[in-house]
Amino acid sequence: MDQQIEDNQSGQVHENTQLEPLPQARITEIQIKSDHMGKFTQYEITISDTQIHRRYNDFYRLHVALKLGFPGLYIPPIPQKQVIVRYLELLEGSMDDTIVKQRRRMLQLFIDELYLRPYLWNSKQNRMFYDQNNISISFHELPQLTYQQIVERYCELFPSYIHQEISYNMRTYLLEFNNHIANIKPMVENFKKMSLNFLNQKKQYQTEYGVFINFILPEYEKQLVIADRSRFLTESHQFTPEVRTSSINYDHNQLLLDLEIQELEVLSFLTCLDQQRRFRLFKDRAEERIRALQIDLQDTISDRRNFFEKLIRPNKNDEVLRLQTLLDNANQEVQFLQKIIDIVLLVLFNHEIPKFKSEKTNNFYRLLKIFGVLEIENAQRVENYWKPIIETDTLSQINLQPRKMLESVMIVNYDQNGQKQQEQKQEFQQVHEVTVQRTDSDPLDSQGII
């Protein structure tokens, strides 16, 4: 099945050639503004040497407009308003500046993901977003699409999928992937919570460890050792402020943000697959209406209508025409829905699912690499701290006495144990001799009778 997906990735996505494609955009600056409602963040976006300014709500409206304009297709997620705030407050406390930077990264990722999908990047909705003259960005003015308009749009965007047949293996694979995504959603949430707990504990340990080696140990030595020449916890042996900061920080925010992005991508895929399920449900309902209309049409033609039906619609020919029109519309609706379902399935099967699987694999190993690098760097910092202390001559001389004391204690213990074993052996021999004498003198006593 995976090989079949790789073979189908060559299917080209048709771009609308009537307009020139939009160039790639970058968020170049974050500005904190204020109005009568309070402070807000404004993002400066550079596209084709032109700067536009957008707020988070503008990104949110664009995201909603794309979901309405491309139903059933995968729409990259944007950061939620409260999620990042909640987790960063649990980790760091007040993190206004960090929240803005993290949201900027996620919004830039949203822009990049749209750019990788030309049918979204060059869409009318996205062009409205980057229109310098369109300050209000009134996406609500866009008309709501009918099934026919959706089919026409998708046939224009994906012409190679118009007449491609959907195999049984494709439908089965999509169903299995749907179940897989639904199952991993709680796993991702649980992993994020456990990672947050681990990072909090790691941060607490790094903080206490830094305090111990930089303040407690030097102060204890200063009070304990009278001669200044005996000090080995000098300033050169302490962590520098930069090292302490990097050791304690442990890249919490970066790690949590990666997990947050992965969870949002899973939720976006679930939304996409749920829309596919809704299209199938609408199609089933339309087919039920077709069956009911066919029965009503047959009853009307055969003049088997009841009294009330004849009373409401007395003209038989008009009723036949009305039912036939409803039946044609229902059949057309089923055809449109089936075409939408097929094209969306092909886009998911050939493009989105392989990309999703590849990115998740790479992200997982990237997280492992982050953990590994941080642990190695932390171990190196600890080694760099303790190695010069251990190699200090003063400390080496101090270690000679405890070693001799330990050897003398071992010798004393050995002698005492040897003497004790000898005393126990003599006592055992005396008890044994007494027992033998009593046995020889009184046989009944040895049998336990007396």
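Each reported figure results from applying straightforward, stated rules to the coordinates on display, with no laboratory input. Note that the structure is a prediction, hence the values are computed from the model and not measured. Virtual Cβ from ideal backbone geometry, glycine too; neighbours counted across all protein chains shown.
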### Query
Among 318-328, 337-347, 359-369, what's the highest-first ranking by average C-beta atoms within 10 angstrom per residue?
337-347, 318-328, 359-369
### Query
Simple spin-label model, 7 Å along Cα-to-Cβ: Thr172 to Thr207 in nm?
5.5
### Task
Please work out the FRET efficiency for the pair Lys81 and Gln338, using the Cβ-Cβ distance as r and a Förster radius of 41 Å; give the result to the nearest 0.05.
0.65
### Summary
Here the net charge surrounding Leu142, from other residues whose Cβ is less than 13 Å away from its Cβ (Lys, Arg +1; Asp, Glu -1), is +4
### Query
So which lysines can Lys124 reach, going by Cα to Cα under 20 Å and dropping same-chain residues fewer than 8 places off?
Lys67
### Task
Work out how much length Lys360 to Leu270 would gain on full extension: take 0.36 nm times their residue separation and subtract the Cα-Cα distance, in nm to one decimal.
30.9 nm
### Query
Here are some pairs, Lys185/Lys360; Lys81/Lys355; Lys101/Lys192; which of them have Cα atoms lying more than 18 Å apart in this structure?
Lys81/Lys355; Lys101/Lys192
### Message
Sort 352-358, 33-39 by packing, meaning the average of other beta carbons within 10 Å per residue, with the highest value first.
### Response
352-358, 33-39
### Message
Which of the three applies to the stretch 118-174, rounded, prolate or oblate, going by the alpha-carbon gyration tensor with a ≥ b ≥ c and a/c under 1.5 meaning rounded?
### Response
prolate
